[in-house]
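See below for the structure under consideration.
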Amino acid sequence: MRTLQIAAAVLAVPFFLAATAGFPAAETDWTKQMGGLPFVVGMERGRDEAKFTGLPPMVFFTSGTDPDSARFGAAMWKDDDVRAKVAGYTPILVDWDTADEAFRKKCHADVVPTVAWLKHDETWIWACIGNAPADIFRKECEIARKACPKPNEPAAGMKLLPDLQKQFDDAAAAKDVKAQLAALGEIRKLRFGESFQTAARAADERLTKEGMDAIAAIVPVFEDKKAPAAKKAEAKKSLEKLADDYGPDHPVAKAARAAIEAASAKPAPKPKK
C-alpha cells in the first residue's frame, strides 16, 4: 500500500541525525552521572569552556566502570544546595581512567570519585576525595564556595547567549518554528556556554519530534480513498510549510519533502497477467 511507501520515505531520513542537529556530543554518554548539571566532558574542552564563561574549573573525576562514582554523580549533582554552592565554577567531567596522571595527582584525584576545585590558572583550591555522603559533600562544596575566585571577564560570545536565549524563548511562546531554529543556530555557532548548549540541544530534539509527529499524522491522508481532493491539497500545503519552517537541511524538512514526493508519485502499473 502507498501508506507504507510514504511512511518508508519519511523514515528513510535518519531520525537519529535530528537528535543532535549539529550540536557536538561526547563519545561516551555520561549523562546519568551529571545529575542535570551542564558538565563539559574532557579537560581540553573544559579549559576552553572555563575561558569562555570566565568561571574557574570544577573537575569531577569519575569512571564509567565504577558503580560508586555513577551513584555519587547521579545523586550529588541533583542536590539544589550543592548546585547553588558550585555555581561560581565551570563544571568539567573527566574520565579518571584515561586522564593524565600528572593532572590527577595535581588535583589530588587518587581515587574515584573525586571533585577538585581549581583557580583560573588551575592551581588547586580544594578537593572532596572519595564517595562522600551528602552531608559531608555539601560541607566540602561550602568550603569551595567560600574560596571561589572572582570571575574573569567572559568571552564576548558568553555575553550574547542570554539575548539569544530570550530570542528563542520569545519565538517558542509565539510558536514560531523558523525563529526558534534561527536562535538555536546562533547558539550552536558559539559552541561554548554549556548550560545554554544543553538547553538548545533539548529544544532542538523537541522541535524535531514535533515535526516528525506532524508528518506522521499527515501522511495517512494521502492513502485515504474517501479523503476529498481539497483535504489532500491542504495536507500537501502543511507538509510544504513544515519543509519551509524547518528547511532546507533540517531532518524534518527532508522528511516532509520526501513525503510530498512519495504522495505525488504515480502508483506503479499492475503487472499484466
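The values are calculated or read from the model by the stated rules, or taken from the named source; none is laboratory data. Keep in mind that what you see is a predicted model, and the values were worked out from it rather than measured. Here the Cβ positions follow ideal geometry from the backbone for every residue, glycine too, while neighbour counts run over all protein chains shown.
So here's what we get for this one:
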quantity	calculated
Residue that is more than 30 Å from Ile125 (Cα to Cα), more than 23 Å from the chain's Cα centre (by Cα) and part of a helix (DSSP H, G or I), where the choices are Ala217, Ala203	Ala217
Of all residues making up segment 221-261, the number that are crowded, with 19+ Cβ neighbours inside 10 Å, closer than 17 Å to Leu181 by Cβ and not aliphatic (A, V, I, L, M)	6
Ala84 vs. criteria in contact with a helix residue (DSSP H, G or I) (Cβ under 9 Å, 6 or more places away or on another chain), free of Cβ contacts under 8 Å to residues at least 60 places away in the same chain and outside any loop (DSSP other than H, G, I, E, B)	yes
Qualifying residues in segment 108-126 (those that are free of Cβ contacts under 8 Å to residues at least 40 places away in the same chain and either among the polar types (S, T, N, Q) or within 18 Å of Asp79 (Cβ to Cβ) (or both)) - the one surrounded by the fewest Cβ atoms within 10 Å (Cβ to Cβ)	Thr123
Criterion: over 26 Å from the mean Cα position of the chain (by Cα) and assigned to a strand (DSSP E or B) - qualifying residue of Ala127, Ala132	Ala127
Odd one out for Asp68, checked against (1) assigned to a strand (DSSP E or B); (2) at pLDDT below 95	(1)
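Here is a yes/no grid of residues against (1) crowded, with 17+ Cβ neighbours inside 10 Å; (2) of a type in the set (Ser, Thr, Tyr); (3) touching an Asp or Glu at 6+ places or on another chain (Cβ under 8 Å); (4) free of Cβ contacts under 8 Å to residues at least 24 places away in the same chain:
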| position | (1), (2), (3), (4) |
| --- | --- |
| Lys150 | no, no, no, yes |
| Leu161 | yes, no, no, no |
| Gln165 | yes, no, no, no |
| Asp169 | no, no, no, yes |
| Lys178 | no, no, yes, no |
| Ala183 | yes, no, no, yes |
| Arg188 | yes, no, no, no |
| Phe192 | yes, no, yes, no |
| Phe196 | yes, no, no, no |
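Per-residue answers, yes or no, for (1) in contact with a Gly (Cβ under 8 Å, 6 or more places away or on another chain); (2) farther than 17 Å from Val115 by Cβ:
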position: Thr31; (1), (2): no, yes
position: Asp68; (1), (2): no, no
position: Gly73; (1), (2): yes, no
position: Met76; (1), (2): yes, no
position: Ala87; (1), (2): no, no
